[in-house]
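Scroll down for the structure; my scribbles are underneath it.
Every number here is computed from the coordinates shown, using simple stated rules; none is lab data. On a predicted model such as this, the values are computed, not experimentally measured, just so you know. Every residue, glycine as well, gets a Cβ built from its backbone with ideal geometry; the counts of neighbours run over all protein chains shown.
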Amino acid sequence: MLYLDSAVLVALHCEEATTPAVRRWIVKQRKPLAVSDWVLTECVSAFGLKVRRSELNAADAQLAIQSLEQLVEESIEVLPIAAAHYRQARQWLQQFKTRFARCGRTASCDCASSGLPPRYLRQDLA
């Protein structure tokens, strides 16, 4: 299973510098894909920020949200996150040994909820 960060999902639904690489990467994946409800919230927040910055109009943001919801419904597992997962993520983050480009609490919690080791997906896109 591969956990998708919100940055990957936003790039799939809004044209960004990383969009071509994300699209190439995503079609090559054979493992099941996963997100959390919080990641989906982060995506909607990112679309809203793009609207407020005039990088995206509201109608296109709504289409991006609908497209994201359809993708999740059809092919991405939504992982539940419980308090124990936050504690596990906190333990991982306190090790200060991560080689991640960026390591956030959401990614760590999602990894904990799925039993995966912590890993930041964008490393794979480089």
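Annotations for the structure displayed:
- Some residue of segment 55-76 being part of a helix (DSSP H, G or I), of a type in the set (D, E) and surrounded by 11 or more Cβ atoms within 10 Å (Cβ to Cβ): yes
- Checking the stated criteria, R24 turns out to be exposed (fewer than 11 other Cβ atoms within 10 Å of the Cβ) and more than 14 Å from A7 (Cα to Cα).
- Residues that are surrounded by 12 or more Cβ atoms within 10 Å (Cβ to Cβ) and among the hydrophobic types (A, V, I, L, M, F, W, C), drawn from segment 1-21: M1, L2, L4, A7, V8, L9, V10, A11, L12, C14, A21
- Restricting attention to segment 77-97 and to residues that are among the charged types (D, E, K, R) and part of a helix (DSSP H, G or I), the residue that is surrounded by the fewest Cβ atoms within 10 Å (Cβ to Cβ) turns out to be R87.
- Considering the conditions (1) more than 20 Å from A82 (Cα to Cα); (2) surrounded by fewer than 16 Cβ atoms within 10 Å (Cβ to Cβ); (3) in contact (Cβ under 8 Å) with a residue 40 or more places away in the chain, A46 is excluded by exactly one of them, (2).
- Within segment 38-54, if we keep just the residues that are basic (K, R) and in a helix (DSSP H, G or I), the residue that is farthest from E77 (Cα to Cα) turns out to be R52.
- Restricting segment 67-99 to residues that are polar (S, T, N, Q) and within 16 Å of the chain's Cα centre (by Cα), the residue that is farthest from F47 (Cα to Cα): S75
- Yes/no for V35 being within 12 Å of V78 (Cβ to Cβ), assigned to a strand (DSSP E or B) and under 12 Å from the mean Cα position of the chain (by Cα): yes
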